[in-house]
Structure formats: C-alpha cells, structure tokens
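Taking it in order: structure first as structure tokens, then the write-up.
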Amino acid sequence: MNTVNPPLNKADARKAISLAIDRDAIISGVFKGFQTKATSIIPPPMKAYYQADVCDVCDKPDIPRAKQLAASGGIPPGTKVHLAFNTGGGHEAWVQAVQQQLQTNLA
C-alpha cells in the first residue's frame with residue numbers, strides 16, 4: 001500500500017478501507033472457508049513472529065465507522081483506490097471481492 005501519496009497517506013483512510021472489508025465473507029465466499037483471517041501483518045503460520053490481534057480494525061467490518069474515517073481521511077464517496085496484485089496467481093477473485101466491498105461500503 002502506498003502510504004506516501006494521498007489519500008492513503010492518512011491513517012484514517014487506511015483504517016476506513018480495513019473496516020470496509022468483510023474478511024469473513026471473503027473467506028467463506030471466495031475461499032470456501034479454507035483461509036484464516038489476518039489480524040496482524042505477519043500471518044499465523046510464521047509462529048516465531050506472529051502476534052494475534054494487533055490490528056484493531058481487522059477483526060470485523062464496521063461500515064458506519066469506515067464511512068466516518070473515510071470522510072476524515074480524505075476518501076469521499078467515488079474515490080478510486082487502486083489495488084495492486086500479481087495477476088495470474090489466483091488472486092483475482094478475492095481482489096474483486098475486496099473491490100466490490102469497498103465500492104459498496106464506502107459509497
């Protein structure tokens with residue numbers, strides 16, 4: 001994530017995006033329950049470094065708070081957020097789900 005250029009240079013904007021994503025829905029819908037929800041930057045399989053629940057905006061979606069943080073973070077409805085990912089690696093479905101949730105939940 002580019003945290004240098006607007007709008008993602010503001011913590012509120014990044015938190016808004018995180019709170020607008022329903023990770024459980026993506027895990028059940030896209031991955032059919034075969035993934036684990038991230039609650040930190042280090043994934044659970046890296047046991048020596050993993051710390052559970054260090055992200056206070058990763059647990060569950062909170063759309064009203066996401067909209068409030070988006071407004072204060074400089075993401076008005078209709079703002080385009082570009083998602084970068086490696087194509088052809090099986091990421092298209094979950095990235096599309098994230099994109100749809102952001103469009104719907106931050107509108």
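The values are calculated or read from the model by the stated rules, or taken from the named source; none is laboratory data. What you see is a predicted model; the values in this text were computed from it and never measured. Cβ placement follows ideal geometry from the backbone for every residue including glycine, while neighbour counts extend to all protein chains displayed. Just the protein is used for accessible areas: all its heavy atoms, side chains included, with ligands, DNA and RNA removed. Shrake-Rupley method; radii C 1.70, N 1.55, O 1.52, S 1.80 Å.
Just a few scattered comments:
- Helical segments meeting 20 Å axial Cα length and Kyte-Doolittle 1.0 threshold in the chain (DSSP H): none
- Length added when fully stretched, Lys32-Asn9, from 0.36 nm per residue minus Cα-Cα: 4.9 nm
- Ligands, DNA and RNA are left out, and with a 1.4 angstrom probe the accessible area of the chain is 67 Å² per residue.
- Within straight-line cross-link reach of Lys47, lysines at Cα separation under 22 Å, skipping those fewer than 8 residues along the same chain: Lys37
- Candidate lysines for bridging to Lys67, where Cα separation is under 20 Å - those fewer than 8 sequence places away on the same chain excluded: Lys10, Lys15, Lys80
- Volume of the convex hull of segment 38-91 (Cα atoms only), normalised per residue: 134 Å³.
- For the chain, a simple Cβ point-charge model (Lys and Arg +1, Asp and Glu -1, everything else neutral) yields a dipole of about 100 debye relative to the Cα centre.
- Counting only Cβ charges, +1 for Lys and Arg and -1 for Asp and Glu, the dipole size of segment 52-107 around its Cα centre is about 240 debye.
- The chain - Rg and Dmax from Cα coordinates, angstrom: 14.0, 41
- Of all accessible heavy-atom area on the chain, the percent that carbon and sulfur account for (1.4 Å): 56 percent
- FRET efficiency for the pair Gln100 and Ala48, taken as 1/(1 + (r/R0)^6) with r the Cβ-Cβ distance and R0 = 41 Å, rounds to 0.70.
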